[in-house]
Amino acid sequence: MVGEHLDLALVLGCLEDAAAAGIATARFYGGEPLLHHDLPRMIEHARQLGMDAYVTTNATLLHDRVDDLFAAGLRWLTIGFYGIGERYDEYTGREGHYRKLVRSLQTTREKFGNRLSMQLNYMLSRRSCSVADVRAAWELVERLDRKS
């Protein structure tokens, strides 16, 4: 389904059905949700239905989308994390992806502090992780952790 997106009306209808069934949380993920131009509308609709909403993303595009997502009601997201620097880029197969990720995380913290919670989910493998990398990841998280 490369280049395909779920239809907005379909997603909004699914959210309405889920809310009616008592589902409390909507998670937007699969592929890269930040590529879907209607994601803010989906989050806003979920929030209007009384649901919590969060996004699972690689976050490399977050710096471009975070304002609209926050305005729509997004208050937390989980981020796939695949290593430090070149290891991250090697894992994703995209040069410069780690730099984009760090820029997005820094931009998000600068704009919203801890009003938008971010959880890094570090995918540990011999290919993308070492003890030194875990320490470096921890240092990154500490640099980005703001108490505002």
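The values are calculated or read from the model by the stated rules, or taken from the named source; none is laboratory data. Quick caveat, the model's predicted, so the values are computed rather than measured. Glycine also receives a Cβ, built like all others from the backbone with ideal geometry; neighbour counts cover every protein chain displayed. The protein model used for the area step is the full one, side chains on, heavy atoms only, and it has no ligands, DNA or RNA in it. Shrake-Rupley method; radii C 1.70, N 1.55, O 1.52, S 1.80 Å.
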### Query
Roughly how much of Leu77 is accessible, in Å² to the nearest 10, using a 1.4 Å probe?
0
#### Entry: Distant-in-sequence amide H partners of Phe28 (H built 1.01 Å from N, under 5 Å)
Tyr54, Val55, Thr56
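What full-extension length gain, to one decimal in nm, is calculated for His37 and Trp76 as 0.36 nm per residue of separation minus the Cα-Cα distance? If you can, show how the numbers build up before the last one.
Numbers: separation 39, 0.36 × 39 = 14.04 nm, distance 1.87 nm.
The span from His37 to Trp76 would gain 12.2 nm if fully extended.
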### Message
For the chain, what are Rg and Dmax over the alpha carbons, in angstrom?
### Response
16.1, 48
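Between exposed trypsin sites (Lys or Arg not before Pro) in the chain, where DSSP calls loop and at most 14 other Cβ atoms lie within 10 Å, what's the longest gap? Show your work: numbers first, answer last.
On the way: sites that count: Arg94, Arg126, Arg127, Arg146, Lys147.
That gives 1-93 as the longest site-free run.
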#### Entry: Per-residue ³J(HN,Hα) for the range 122-137, Karplus 6.51 cos²θ - 1.76 cosθ + 1.60, θ = phi - 60°, Hz, x for Gly and Pro
7, 7, 8, 8, 4, 5, 10, 8, 9, 4, 4, 5, 4, 4, 5, 5
### Task
Rounded to the nearest 10 degrees, what's the angle between the helix 39-48 long axis and the longest principal axis of the chain, both from Cα atoms, 0 to 90?
60
### Summary
Distance in nm between Glu4 and Ile23 label points, each 7 Å along Cα→Cβ, equals 1.9
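Given a 1.4 angstrom probe, I'd like the percentage of the accessible area of the chain that is carbon and sulfur, rounded to a whole number. If you can, show how the numbers build up before the last one.
Working: 4370 of 8590 Å².
Ligands and nucleic acids excluded, carbon and sulfur reach 51 percent.
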## Note on the structure
Summing -39500 (n - 2.57) over every DSSP H run of at least 4 in the chain, dividing by its residue total and rounding to the nearest 500, the 222 nm mean residue ellipticity is -15000 deg cm²/dmol
### Task
Measure nothing but the geometry: give the 0 to 90° angle between the long axis through the Cα atoms of 97-112 and the longest principal axis through the Cα atoms of the chain, rounded to 10°.
60
### Residues of the chain: accessible area per residue with a 1.4 Å probe, Å²
58
### Message
Taking loop as defined by DSSP and a crowding limit of 10 other beta carbons within 10 Å, which GluC sites (Glu not before Pro) in the range 64-130 fit?
### Response
Glu95
